[in-house]
Structures are given as structure tokens and as C-alpha cells.
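Below is one structure; the comments refer to it alone.
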């Protein structure tokens, strides 16, 4: 019985071989295109997304994401034993716990078989009623289905474990209709009992059964859309290999491309690096793939981490510098911090520029991108201030904003950060105007808030330094005016966009209210200062509190899950927002009280 | 104060420039460009040598200069045998303007002859019926795995269109819409 199931598994997954992924250098294979969730992307991005989805990691202990994908596609029977699925409390599902909490597809199959009844029951009820454990179980089940599809993607062209020859389903297809007719003939003559068949008839029946089984299990597989519609000059429609059988999408050119992939499979199986490189080069010749190459490079160098590292280094150098007494060391550390901060800003600028080139749209379309862009605005703003004042405090404030924002951005990296935008956002005009205006406004508000907090700190450390206070107030007024200008124009542009998209200028939607809140706050502190309703200290306090207003309007309103801005809804960050707001409020209250106390004394 | 004013003016100019640039930039989806972005055909058809059931030997390319319908079928395929009389009718009506090459995947040539015998229709000279028992033309050259399928090849011997599954309106709709316009295109022959 076990042998029978093993054999069935091998039929469905293709052939068995024992190659190790590392034996073939994948080279440029990772930058071949695939259409996934509406976007043409390199296989590398597809692989990374799935490895992250399954394991929660960027890569696996011994394999890169691309190597894992190649193994799944070209050698599925080896791939099923690679631990890739993260499972919490595996013991409760009858699996042996391991340190890394990573389990193979084979273990997953065992888990799914044990839990099938529970999963079926869960799928019947509303997802909102699931406990976290039940949610995890359904997630495991979804991962199982997804990986099954990936494993079966190329079974059309992989050699089958039938007989001694290395023919694929594509070769056997030529005889499939004849075989089916022969089987019908045998059954009509001898019935369904195998014992009445001759050895030859058994062989024919079994071969026909194997082919039907393989076709039925794989033909619905449309996940790996690697074949562009050859009829379309700039194809929007892409096909998975099995669709040439299922939907009749084959044609001479498509077949040529599939044959190249078959050569790749052979090269992978026989460890023939020369044939592999040659086939990959052939496949690349079909595409004008500079964007795909840039995206593969983008994935490899991970500029989010590079920027975070450089901003952190700048911050560390400045902190160390503040404890040093030697002016020579201080100077060196400040210089190192400035260089690191400059390089961090440059890498962030490169990151955003690469995204603009790859996605062919303005830099901000998602919450993740808005964080990157705000981080860049802050970094550039503080660099400008440093250039004007030559004071490393600007570098310190810039590094703090860089570290905080890039850490927040890293929280979104697991998702597809380059996914297709929802229809309402897919307009370069409004993305380039309203969205950029608003996010630049967020950036300048954060700069203002950080500068104001530094001002408050200086009021405690050097209360007599009136010159600094005067100069700081002047800078704050400028930056607050710029913030008001950007957020007001951005909000009005948003209203016009809303009128065009949803048929109304203003709808008291939470996101709109958030934008209005910033504008009102800025207008309030400016007017209160002009009319002398608040003191200088009050003005600085109001500006410092902008960070809380921005965080609430930027992230907070997205948690409400109400309104038409549904593309921005998020969950799971409520705790972080509350902690930040409470911390900022307490810090500012403390500073306020301390300054007042000092003044009174 | 002057510098602040300059900053604001520069920011406004950048914003206005960006708006202008964006406005002239039509909405785009993340794009991918095929190297042959300008073509609307599938390039050259694949040539092959064939022998008809009546023993006539030719290459597919010998028919270039007028439209060719390369039809894939088999006598065991129910939709194919329903569609086949329509194709005979089309070939007969446009005898001087069109060539139909009907490639059968039947294993035995006798099955095709039986089927044609039962049809009791005279096959026009521009309908070439050929046997492709080993499916080299059907699968290896033209990637046809489901029957019936038909390629329309234009007079320049380029694949113009593919019809998946049986078609019921060969003589009227398809002729008028797809084939007749090809009669007027300039050929390289």
C-alpha cells in the first residue's frame, strides 16, 4: 500500500532524482519573468515572497529563495523533503518538534491528513470567529495548497517515472488518446476486473491511468504564469505551462519557449551547467528584461537594511561622541557619523529610484512606500540643515528619524511591497501630486517635531541661551509654514481626486479627517502664535506634539477599517501606535514641566 | 526671510513641474515589453512537407501568396466531424482564394478514409487532407493538444490568428471578418 502511494506521489510530482540545488549555479535564471498577482516580476521576487510566506524568513538555512524555487520546479521529489514551513506548536499536530520550527512538505502532508476534518469544519465557519491557533492551522493549509501548485507547475515537461525512458507528459500526450480508446476497448470486452487482463492490457490500462491522474492533478495549475501571450505585443496575459493542454494556448512560439524550459529541467537533472547556461540565455533572449534584472539586483542588495544599518551607525557614532572628551576623537566620530548618514540617505534615494524605475510610477503608492519616502524627506531635510549650519545636531535628529522610520518599514518587507495597486490608486497623476504632497507634508512635520523636541531639550540644558531659542523658533516657523503649505495643498488635491473617483469632494472619511487634523493643528499653532495666544514655549510644544498627530493621521486612522480608503487598512500595529503616542505625550509633558519648574526657580 | 521665500518658491516650482510631468504621463501598469512589441501576428508559420491522401506531395509554404487555413482534426473527435462539412463548403466556395490544409491525428489512415467515405462529399482541390499519425505536425510543430484547432496563415506566410475549438461560422462571419481582408494585403512573394 505504501509503495502504491509512493508511486502515485512520484507520478503526480514527476520524476525522482537526487540532485542538490547547489550543484547548479542558477545564474540569470532568477531574473526570468513571471506574472504573479497582476505584476510581471523576476522569479527571484516570486521565490522570496513564497519563502517568506512559508517560513517567515528571507532565505532558508542552506538554500537561497531562488534555489528553493528551482528545486521545487525541477526536482519536486527532493524539494518535498526540504524544511520550509514554519509551524507553531508542531507537537499538537503530531509532528516532532524541532528547534527551527521548520517542516518539510512531506511533514505538512501528514499534518493535513491528520487535521483534514478540523480544517474542513473551520472553512465552513466565518474567518472572524477563528482563534489564533485555528487561524494558524488554516494558514498552514493554504501554504500546503500553494506549495502543491508550485511543485506540480512543470510536471508537464519533467521526465515521468514511467518505465525506463525519460519521456515527459508532453511526449506521452501523443499516445494518450489512443491509449484511452484501447482501454475503453479492453473494458468493453473484459470488464473492469484487472485479473481478466493480459499483462500487456494491464500495462496499457495502468499507463493510461497514470497519465490521466497526472493531467487531472496538474492541469488546473495556473500559478506559474511564465509564458507570455505571444499574440500580444505588450502581453498582459500570461500562461502557465499546463494551460497549453487545458486551454489550447499553445502555438509554435510558445512551444519553443516551453522546450527551452524542458532543456533547463534536463540540465538541472543531469547537472549540466553548460546546457543550463545556454537554455537560460535562450529564455532571456525572449525578453527586454532590464527591469527584471534591476529588480533581481534590488532583491539581492536589500537597501532597506543597508540604510537602516548606516543610519544606526551614524547614531551610534554621535552617541559615543557625546561621551568623549577628546576633541580629536569627537571630530573623527562626528565626521564618521556624517559620512554614514550621507551614505544612508544615498542608499535610501537609490532604493526609491529603483522602485520608481521598476514599478514605472511615482514613489508612493503603499503605506510601506510612504514610510520610505517620509524617511527620505527627513534625511534630505536634515542634510540640508547640516549643510547650512554645519551642526551635527541635524545629523543626530536625521539619524533618529532614519532609524525609527526604517525599522518601521522593515515590518512591511515580508509582504509583497511591489504588489499591484488597487484600481483607484492606479493613476500616475494623482500619485505624483496628492500623495507626494501629503507625504512630503508628513516628512516636514516630523522634521519640525524633532527640531522642536531638540529645542525643548536645549531649554533645559542651556536655559540662558536665548540666541539659540530665537534662532530655533525662526527655523521652526519656516518649517511649520512649509508643512502647512504641503499638507493643505495635498488635502485639497485629495478632495479633487476623491471627487473624480468617488463623486464627492469631502466625505468625513477617517483618512480625510486625519489629513484635516494635521492642517488644523498647524493652522492653530501658527495663528495662536501670530495672535500671541500662546507663548514661544507653547508654540514649540505644539510643534513637538506634531509627531503624535502625524502618527495618528498616517497610521492610526488605517486601523479603524472604516471608509473608502480601504486599500490603506492595516492591523497589528495598534499596540505600537499606542506605545509611541503615550511615550511622546509623557516625554513632552515631562519636558514642559521641567522647563516651567526651572523658569519658576 | 529671503531664503525661506526662495525655498517655498523652489518647492512650488518643483511641485508644479512634477504635476505637469505626471499629467503628460498616462497611467501605466508595471510594464513588460516583448521584444516584438510591434507585431500583431505570431511571426512566420512553420513550414513542413506533406503528402495528401491522394498522394500529392507539397510544402505548406507552396501555398503562400493566398490565405491558408491549417486545420487540426481527427475522425474520432466529435466536434471535428461536426465542423468538417463546413470546411469543405468553405473550400468549395472560395476555391481560388483559399487553401485549407486539414491535418488529421488519426492513428490509422483507414479511419480518415472511412470518415470521408461516410461524408459522401467531393473534396475540392484546395482542401488538402493529410495524415499525421505520429503527431509531429500537430504537436511538435504547432503545439496543438486539443482538437479541433485552426491556424489562419496570411499570404505572407505569417500566422495571423488561431481558432480554438470548433467554429460554426466559417463561411460567413470568419471569412468576412478575418480571411477576406487578407486577400488585399501586399505580399512579399
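Only one of A:373, A:384 is within 14 Å of chain B (Cβ to nearest Cβ), surrounded by 23 or more Cβ atoms within 10 Å (Cβ to Cβ) and within 30 Å of residue A:471 (Cβ to Cβ). Can you tell me which? Quick ask: steps written out before the conclusion?
On the way: A:384 fails: surrounded by 23 or more Cβ atoms within 10 Å (Cβ to Cβ).
So the residue among A:373, A:384 that is within 14 Å of chain B (Cβ to nearest Cβ), surrounded by 23 or more Cβ atoms within 10 Å (Cβ to Cβ) and within 30 Å of residue A:471 (Cβ to Cβ) is A:373.
Within 14 Å of chain B (Cβ to nearest Cβ), on the phi < 0 side of the Ramachandran plot and either crowded, with 18+ Cβ neighbours inside 10 Å or in contact with a strand residue (DSSP E or B) (Cβ under 7 Å, 6 or more places away or on another chain) (or both): does that describe residue A:483?
Judged against the criteria, residue A:483 is a match.
Are any residues in the stretch A:84-106 buried (at least 21 other Cβ atoms within 10 Å of the Cβ) and at pLDDT 90 or above, and if so, which ones?
A:84, A:85, A:103, A:105
I'd like to check something: does the stretch A:430-439 contain any residue that is surrounded by fewer than 18 Cβ atoms within 10 Å (Cβ to Cβ), within 14 Å of chain B (Cβ to nearest Cβ) and within 30 Å of the chain's Cα centre (by Cα)?
No, there is no match, as no residue in the stretch A:430-439 is surrounded by fewer than 18 Cβ atoms within 10 Å (Cβ to Cβ), within 14 Å of chain B (Cβ to nearest Cβ) and within 30 Å of the chain's Cα centre (by Cα).
I'm told residue A:553 meets every condition in (1) more than 16 Å from residue A:588 (Cβ to Cβ); (2) within 14 Å of chain B (Cβ to nearest Cβ) except one. Can you identify the failing condition by its number?
So residue A:553 meets the others, but not (2).
Being at pLDDT below 90 and surrounded by 14 or more Cβ atoms within 10 Å (Cβ to Cβ) is the requirement here; does residue A:507 meet it?
In short, yes.
Name the one entry in A:286, A:257, A:268 that is touching a strand residue (DSSP E or B) at 6+ places or on another chain (Cβ under 8 Å), farther than 30 Å from residue A:397 by Cα and modelled with pLDDT of 90 or more.
Just one listed residue meets the conditions, A:257.
Per-residue answers, yes or no, for (1) crowded, with 19+ Cβ neighbours inside 10 Å; (2) more than 22 Å from residue A:344 (Cβ to Cβ); (3) at pLDDT 90 or above; (4) within 14 Å of chain B (Cβ to nearest Cβ):
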site	(1), (2), (3), (4)
A:393	no, no, yes, no
A:398	yes, no, yes, no
A:451	yes, no, yes, no
A:455	yes, yes, yes, no
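Taking the stretch A:26-42 on its own, how many of its residues are at pLDDT 90 or above and outside any strand (DSSP E or B)?
5
Any idea which of A:384, A:373 is free of Cβ contacts under 8 Å to residues at least 12 places away in the same chain and part of a helix (DSSP H, G or I)?
A:384
For residues that are surrounded by fewer than 20 Cβ atoms within 10 Å (Cβ to Cβ), within 13 Å of chain B (Cβ to nearest Cβ) and within 13 Å of residue A:43 (Cα to Cα), scanning just the stretch A:284-300, find the one that is farthest from the chain's Cα centre (by Cα).
A:284
With the requirement that a residue be in contact (Cβ under 8 Å) with a residue 40 or more places away in the chain and farther than 20 Å from residue A:549 by Cα, what does the stretch A:448-462 give you?
A:457, A:459, A:460
If I filter the stretch A:126-136 for residues that are within 26 Å of the chain's Cα centre (by Cα) and under 30 Å from residue A:296 (Cα atoms), do I get at least one hit? Lay out the reasoning, then the answer.
Initial filter on the stretch A:126-136 (within 26 Å of the chain's Cα centre (by Cα)): A:127-128, A:130-136.
Still in the list and also under 30 Å from residue A:296 (Cα atoms): none.
Checked against the condition, which is being within 26 Å of the chain's Cα centre (by Cα) and under 30 Å from residue A:296 (Cα atoms), the stretch A:126-136 yields no hits at all.
Pick out the one residue from A:211, A:207 that is within 14 Å of another protein chain (Cβ to nearest Cβ), in contact (Cβ under 8 Å) with a residue 40 or more places away in the chain, assigned to a helix (DSSP H, G or I) and crowded, with 19+ Cβ neighbours inside 10 Å. Reasoning before the result, please.
Working: A:207 fails: within 14 Å of another protein chain (Cβ to nearest Cβ).
The conditions single out A:211.
Conditions (1) more than 28 Å from residue A:529 (Cβ to Cβ); (2) in a helix (DSSP H, G or I), marked per residue:
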{"site": "A:430", "(1), (2)": "yes, yes"}
{"site": "A:437", "(1), (2)": "no, yes"}
{"site": "A:443", "(1), (2)": "no, yes"}
{"site": "A:452", "(1), (2)": "no, yes"}
{"site": "A:459", "(1), (2)": "no, yes"}
{"site": "A:463", "(1), (2)": "no, no"}
{"site": "A:482", "(1), (2)": "no, yes"}
{"site": "A:497", "(1), (2)": "yes, yes"}
{"site": "A:508", "(1), (2)": "yes, no"}
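Among the numbered conditions (1) assigned to a strand (DSSP E or B); (2) more than 25 Å from residue A:229 (Cβ to Cβ), tell me where residue B:152 comes up short.
Unmet condition: (2).
Given the residues B:142, B:163, B:151, which is the only one that is under 30 Å from residue A:170 (Cα atoms) and free of Cβ contacts under 8 Å to residues at least 24 places away in the same chain?
So the residue among B:142, B:163, B:151 that is under 30 Å from residue A:170 (Cα atoms) and free of Cβ contacts under 8 Å to residues at least 24 places away in the same chain is B:163.
Name the one entry in A:109, A:51 that is within 30 Å of residue A:212 (Cα to Cα) and modelled with pLDDT of 90 or more. I'd like the intermediate steps shown before the answer.
Numbers: A:51 fails: within 30 Å of residue A:212 (Cα to Cα).
Step by step, each of A:109, A:51 is checked, and only A:109 is within 30 Å of residue A:212 (Cα to Cα) and modelled with pLDDT of 90 or more.
The values are calculated or read from the model by the stated rules, or taken from the named source; none is laboratory data. Every value quoted in this text rests on a predicted model; they were computed, and no experiment measured them. Every residue, glycine as well, gets a Cβ built from its backbone with ideal geometry; the counts of neighbours run over all protein chains shown.
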